[in-house]
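Undergrad: Following this message is one structure expressed as structure tokens.
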Amino acid sequence: MGYDFKISSFIDERKYHNTAILIFLKAAKEITGLDMRIGNSLNQGYFSYANRALSSTEIHKIWNRMEQIIASDMPVEEKEYPAAAAMEKWESLGCPEKAGLLRYRDPEEPVLFAEMGDFRNCMYCHVLPSAGYIDLFELRQYRNGVLIRMPNALHPESIPDYRDDDKLYDAFAMSNKMRKKSGLRYLADVNDRIHDGLADDIIRTSEWLQNKQIQEMAESIVREGKQVVLIAGPSSSGKTTTAKRLCSAIAELTEEPLYLGTDDYFVERCDTPLGADGKPDFEGLGSVDLDLFNTQMEDLLAGKEVDIPEFDFFEGTKRFGNRITKLNPGQILVIEGIHSLNDILTQNIERSRKYKIYISPLTQINMDRHNRVSTADARLLRRMVRDNQFRGYNAEATLEAWSKVRAGESVNIFPYSSSADIVFNSSTVYETNMLRTFAEPLLLAIPEESEQYAEARRILEFIKYFEKIENTDAVPDNAILREFIGPRG
């Protein structure tokens, strides 16, 4: 054995992770007889659970069985079955949500299965040829389930350091609870309602629930007497729209907050530090004028008048004189930016005065019991559509920049998510179905000779399981998704 395979891209990462998950599902079934569910990404891994908690002894036995399967280098075969035959297979195995995903497909369209001995599953993208390629993983008992942790594209040589994302767990748990109440447990449920002409109902319900969450955050902020609200999250989380909606919700309870974006506090472009690649690093904390920011925040909270800068991105300099303002007694300050949860940014403000919000589109729907919809993919689709709509970039350019974006997030954003007071889920259950309408033609335009072609094909294969929503009229003007798809009309 000893395959020379290294995770050098996000495509490699998905192959490695899907293969390891396949081994885990097989081992867990053999040891416990349970059909484990794969939930969300959590604590630098994947959260898995069953209809009962597993003991530490059972988890240890599953780990040992996985190592045996890996040591035997059990082959993993990719086989194609006609959609009709695949539907029949899943129905007979008691997996209606897998069968339901194929309900509106051409009966002869090939569906990819991954088979390992007597165990088979759909992983919705390619896997590695055999179990022996998996040389590093760990299982960890967590809450009522198990964490499966592996290397990834940003940490290819080792398993990333563990961190307890307890707020993320709570956000996902709330999302699962809402899904069960609405009867939309899996993607097939959403597709069925769209096919039945009920897309607008899904949109209205999703937006109502999200608005309710924003109102509850506003009530907590006012009730607890917080003076500074800090909002951060990775790319394409919908931070700007969420911040504005939160300001409106707070304004219904008390005085309208003062809203600031940390992008206006960039250092002069000529002073921007360089990254390891020798290019300007606009994502790092060093790109922010910390002295000016902290001085002005202290002055604002002291009731002094402040000349807030506006950054001119064309000239690369701060402009002054247009935003001279001050905070009224009791008026709340809302600050949005990628470093907002990093205490160095607001080091002169006491923690008790802050209310920290981590925002991310934590996908609300799973494809089936064994396959989640990646939060990274959800953000990538958002960014791809927005880049094309508002920034003049094609999908190829977005895909090319994505690995650098994610690498920056792993340093500047994700490590601080656990310090948040609350995690706000900015996704809606319908959004991938709608984003497919916008993203599909962009991805199809990427030529075969492009370095991004393989990733484009992966995404196309993935989103074809989502029934399209083509009419956007039911999406409210203040919806987070409008930040990406644009206004009505």
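No lab work stands behind these numbers, since they all come straight from the coordinates. Being a predicted model, the structure only gives us computed values, none of them experimental. Here the Cβ positions follow ideal geometry from the backbone for every residue, glycine too, while neighbour counts run over all protein chains shown.
Undergrad: Neighbouring Cβ atoms within 10 Å as the yardstick, rank Phe119, Phe314 fewest first.
TA: Listed from fewest to most nearby Cβ atoms, that is Phe314, Phe119.
Undergrad: Which GluC sites (Glu not before Pro) in segment 310-403 pass both tests, a DSSP loop state and at most 12 other beta-carbon atoms within 10 Å?
TA: Glu315, Glu350
Undergrad: Now for a separate question. Could you please report the charge total around Cys122, scoring K, R as +1 and D, E as -1 over all other residues with beta-carbon less than 9 angstrom from its beta-carbon?
TA: After counting each charged neighbour, the total is +1.
Undergrad: Further question: For the chain, build the charge dipole from Cβ charges (+1 Lys, Arg; -1 Asp, Glu) around the Cα centre, then report which of Leu54, Ile11, Ser417 sits farthest towards its positive end.
TA: Of the candidates, Leu54 comes out farthest on the positive side.
Undergrad: Rounded to the nearest 0.05, what FRET efficiency do Arg143 and Ala71 have when you use their Cβ-Cβ distance and R0 = 35 Å?
TA: 0.70
Undergrad: Trypsin sites (Lys or Arg not before Pro) within segment 187-245: which are DSSP loop residues with at most 16 other Cβ atoms inside 10 Å?
TA: Answer in residue order: no site qualifies.
Undergrad: Take the Cα atoms of segment 4-147, find their three principal axes, and give me the spread along each one in whole Å, biggest first.
TA: The Cα atoms of segment 4-147 stretch 43, 38, 27 Å along their principal axes.
Undergrad: Additional query: Report the calculated FRET efficiency for Phe313 and Asp118 (r = Cβ-Cβ distance, R0 = 51 Å), to the nearest 0.05.
TA: It comes out at approximately 0.30.
Undergrad: When DSSP assigns beta bridges and you keep just the ones with both residues in the chain, what percent turn out antiparallel, to the nearest 5?
TA: Within the chain, antiparallel bridges account for around 65 percent of the total.
Undergrad: Right, something else. With N set to the residue count of segment 388-489, report its C-alpha Rg divided by 2.2 N^0.38 Å to two decimal places.
TA: 1.23
Undergrad: Please order Val190, Val405 by the number of other Cβ within 10 Å, starting at the fewest.
TA: Val405, Val190
Undergrad: Ignoring everything except DSSP H segments at least 4 long, calculate the 222 nm mean residue ellipticity for the chain; use -39,500 (n - 2.57) per segment, divide by total residues, nearest 500.
TA: The helix-only estimate for the chain comes to -12500 deg cm²/dmol at 222 nm.
Undergrad: For segment 273-422, what is the charge dipole size about the Cα centre, in debye to the nearest 20, if Lys and Arg each add +1 at the Cβ and Asp and Glu each add -1 at the Cβ?
TA: 520 debye
Undergrad: Please state, as a whole number in µm²/s, the translational diffusion coefficient that the Stokes-Einstein equation yields for segment 98-166 at 10 °C and 1.306 mPa s, with Rh defined as the Kirkwood radius across alpha carbon pairs.
TA: D = 102 µm²/s.
Undergrad: Restricting to lysines 8 or more places apart or on different chains, can you count the pairs in segment 10-85 with Cα atoms under 20 Å from each other?
TA: Counting lysine pairs in segment 10-85 gives 5.
Undergrad: Using +1 at the Cβ of each Lys and Arg and -1 at the Cβ of each Asp and Glu in segment 288-378, identify which of Ile349, His339, Met367 lies farthest towards the dipole's positive end.
TA: Of Ile349, His339, Met367, it is Met367.
Undergrad: Now for a separate question. Where does the chain land on Rg/Rh, using Cα atoms and the Kirkwood Rh?
TA: 0.98
Undergrad: Rounded, prolate or oblate for segment 122-280? Axes are the square roots of the Cα gyration tensor eigenvalues, ordered a ≥ b ≥ c, and the cut-off for rounded is a/c under 1.5.
TA: Verdict is oblate for segment 122-280.
Undergrad: Note down the nm distance, to one decimal, between modelled labels 7 Å out along Cα→Cβ at Leu444 and at Ser374.
TA: Placing both labels 7 Å along Cα→Cβ, they lie 2.3 nm apart.
Undergrad: Is segment 327-471 best put as rounded, prolate or oblate by its Cα gyration tensor, with a ≥ b ≥ c the root eigenvalues, rounded for a/c under 1.5, and otherwise prolate when a/b is larger than b/c, oblate when not?
TA: The shape class here is prolate.
Undergrad: Calculate, in nm to one decimal, what Glu78 and Ser410 gain on full extension: separation in residues at 0.36 nm each, minus their alpha carbon distance.
TA: 116.3 nm is the gain from fully extending Glu78 to Ser410.
Undergrad: I've got another one for you. Net charge near Lys26: determine it from the other residues with C-beta under 9 Å of the C-beta of Lys26, scoring Lys and Arg +1 and Asp and Glu -1.
TA: Residues close to Lys26 contribute a combined charge of 0.
Undergrad: How large is the charge dipole for the chain, taken about the Cα centre, if only the Cβ atoms of Lys, Arg (+1) and Asp, Glu (-1) carry charge, to the nearest 20 debye?
TA: Roughly 1380 debye for the chain.
Undergrad: Just want to confirm a number: the relative contact order over the chain, from Cα pairs under 8 angstrom separated by 6+ residues, in percent.
TA: Once normalised by length, the contact order is 17 percent.
Undergrad: If I take R0 = 22 Å and measure r between the Cβ atoms of Phe320 and Arg269 in this structure, what FRET efficiency does the formula 1/(1 + (r/R0)^6) give, to the nearest 0.05?
TA: 0.85
Undergrad: For Lys167, which lysines qualify as cross-link partners when the Cα separation must be under 23 Å and same-chain residues fewer than eight apart are set aside?
TA: Lys177, Lys180, Lys181, Lys212, Lys226, Lys239, Lys244, Lys354, Lys356
Undergrad: Can you sort His370, His195, His126 by how many other beta carbons sit within 10 Å, fewest first?
TA: So the residues, fewest neighbours to most, are His195, His126, His370.
Undergrad: How would segment 258-331 be classified by its alpha-carbon gyration tensor: rounded, prolate or oblate, with rounded meaning a/c under 1.5 and the a/b versus b/c comparison settling the rest?
TA: prolate
Undergrad: Okay, next question. Could you give the length gained by full extension between Leu136 and Lys181, i.e. 0.36 nm per residue of separation minus their alpha carbon distance, to one decimal place?
TA: Separation in residues times 0.36 nm, less the Cα-Cα distance, equals 12.4 nm.
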